[in-house]
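The values are calculated or read from the model by the stated rules, or taken from the named source; none is laboratory data. Bear in mind the structure is a predicted one, so any value in this text is a computation, not a measurement. In this analysis, Cβ positions are derived from the backbone assuming ideal geometry, glycine residues included, and neighbour counts consider all displayed protein chains. We work out accessible area using only protein heavy atoms, side chains counted, and drop any ligands, DNA or RNA first. Shrake-Rupley method; radii C 1.70, N 1.55, O 1.52, S 1.80 Å.
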Amino acid sequence: MLATVIHAARDIRVEEVPDPELSTGADAIVRVVAACVCGSDLWPYRGVTKTEEPHRIGHEFVGIVEEVGPGVEVIKPGDFVIAPFYVCDGECANCRNGISTSCLSGGWWGSDDRLGGFADGGQGERIRVPLADGTLVVVPGPIGDDEVPGLLTLSDVMGTGHHAAISAGVGPGDSVAVVGDGAVGLCAIIAAKRLGATTIIAMSRHPQRQALAREFGAAHIVEERGDAGIARVQELTDGIGADCVLECVGTKESMDQALRSARPGGMVGYVGVPNGGPELPIRSMFGRNVGVNGGVAPVRSYIEELLPDVRSGAIRPGLVFDLELPLAEAAEAYAAMDERRATKVLLRP
Ligand SMILES: [Zn+2]
Ligand SMILES: [Zn+2]
């Protein structure tokens, strides 16, 4: 079968790899209906994180179950399933606490699981899913083809935007500033609106993303950065800053922007994968009573909650996909996102 392999920075190839095989009894084989490229896939693509040897890549997919191991009880062949961006059992103490990203028997796509089976990368034709019952969420059919992009966002970006909003404690009547206009930032706007925020400010300089931010519920767009950006956020929030700030980038600059855009007593929810070493200025946070909460989003724990709103069309996160390519053109998908010609690219095997 074909799967995407990263060989080095800017060297993405779709190549022939061994077909996945059931090996542990608790696993399933899923035929991928759609996968996509994540902003975090761009870190190895750009060489920010080193690729020591070629490896499979991709961690967001939806598909149809083809086979299940003898120990699988919930998932059945023929089911349409959503996979979160990690593997989890759904049963351990961390999963029960809703932090399934820290599952005690969990793992990541494109690497060996804890029993020695291989969890294929998400950007391929078929995938072996360890711990199928804990990891996968069944979407009852029939599934319209136009539903696929929205369902695919529950693999990562919609749940991650939601986690930013939950972590910041967004509730009815809040003012919310969103730092970052990538797919996660745009989904964070959806999440903030869904949780009842009344004033949503999107920090974006990109015209198409600004339009989508408005469609998702942002009343204001702030193009300025740094001190000027903070001044604009304050102007829009009674001169004090936002109740909640959602940090969806992960750089030193974006974290600084987020912390200083929060009002005294405000909270920053952060979900951007930290790169370039953002560090928290505890002294100024102390002085202003600004809190920080968040981390890698336990999206599996949110899928059941968000799924009905995606299926009903109450929220439309699938609009973040602005380019669709065949899997064979995965290299072009990475290039398009790297060059910001696309916000997020959907791949069809
Ligand atoms: Zn992702
Ligand atoms: Zn667990």
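A few points about this structure:
- Residues satisfying the stated conditions in region 107-128, i.e. open to solvent by 10 Å² or more (accessible area, probe 1.4 Å) and under 20 Å from the mean Cα position of the chain (by Cα): Gly107, Trp108, Trp109, Gly110, Ser111
- Val65 being touching a residue at least 60 places away in the same chain (Cβ under 8 Å) and either more than 16 Å from ligand 1 (Cβ to nearest atom) or touching a strand residue (DSSP E or B) at 6+ places or on another chain (Cβ under 8 Å) (or both): yes
- A residue that is buried (at least 17 other Cβ atoms within 10 Å of the Cβ) and aliphatic (A, V, I, L, M) occurs nowhere in region 44-56.
- Hits in region 129-163 (condition: under 16 Å from Ala28 (Cα atoms) and open to solvent by 30 Å² or more (accessible area, probe 1.4 Å)): Leu131, Asp133, Val138
- Some residue of region 81-97 being modelled with pLDDT of 95 or more, away from ligand 2 (no atom under 16 Å from the Cβ) and among the hydrophobic types (A, V, I, L, M, F, W, C): yes
- Looking only at region 5-40, and only at residues there that are within 16 Å of ligand 1 (Cβ to nearest atom), modelled with pLDDT of 95 or more and not in a strand (DSSP E or B), the one that is surrounded by the fewest Cβ atoms within 10 Å (Cβ to Cβ): Cys38
- Candidates Ala213, Ala218, Ala202, filtered to the one that is among the small types (Gly, Ala, Ser) and in contact with a His (Cβ under 8 Å, 6 or more places away or on another chain): Ala202
- Residues satisfying the stated conditions in region 247-294, i.e. in a helix (DSSP H, G or I), open to solvent by less than 50 Å² (accessible area, probe 1.4 Å) and among the hydroxyl-bearing types (Ser, Thr, Tyr): Ser254, Ser261
- Within region 85-121, the set of residues being within 16 Å of ligand 1 (Cβ to nearest atom), touching a Ser or Thr at 6+ places or on another chain (Cβ under 8 Å) and not hydrophobic (A, V, I, L, M, F, W, C) comprises Tyr86, Ser100, Gly106, Gly121.
- So Met337, is it surrounded by fewer than 20 Cβ atoms within 10 Å (Cβ to Cβ) and among the hydrophobic types (A, V, I, L, M, F, W, C): no
- Residue in region 149-164 that is at pLDDT 95 or above, more than 16 Å from ligand 1 (Cβ to nearest atom) and touching a strand residue (DSSP E or B) at 6+ places or on another chain (Cβ under 7 Å) present: no
- Test for Asp243: is it outside any loop (DSSP other than H, G, I, E, B) and open to solvent by 40 Å² or more (accessible area, probe 1.4 Å): no
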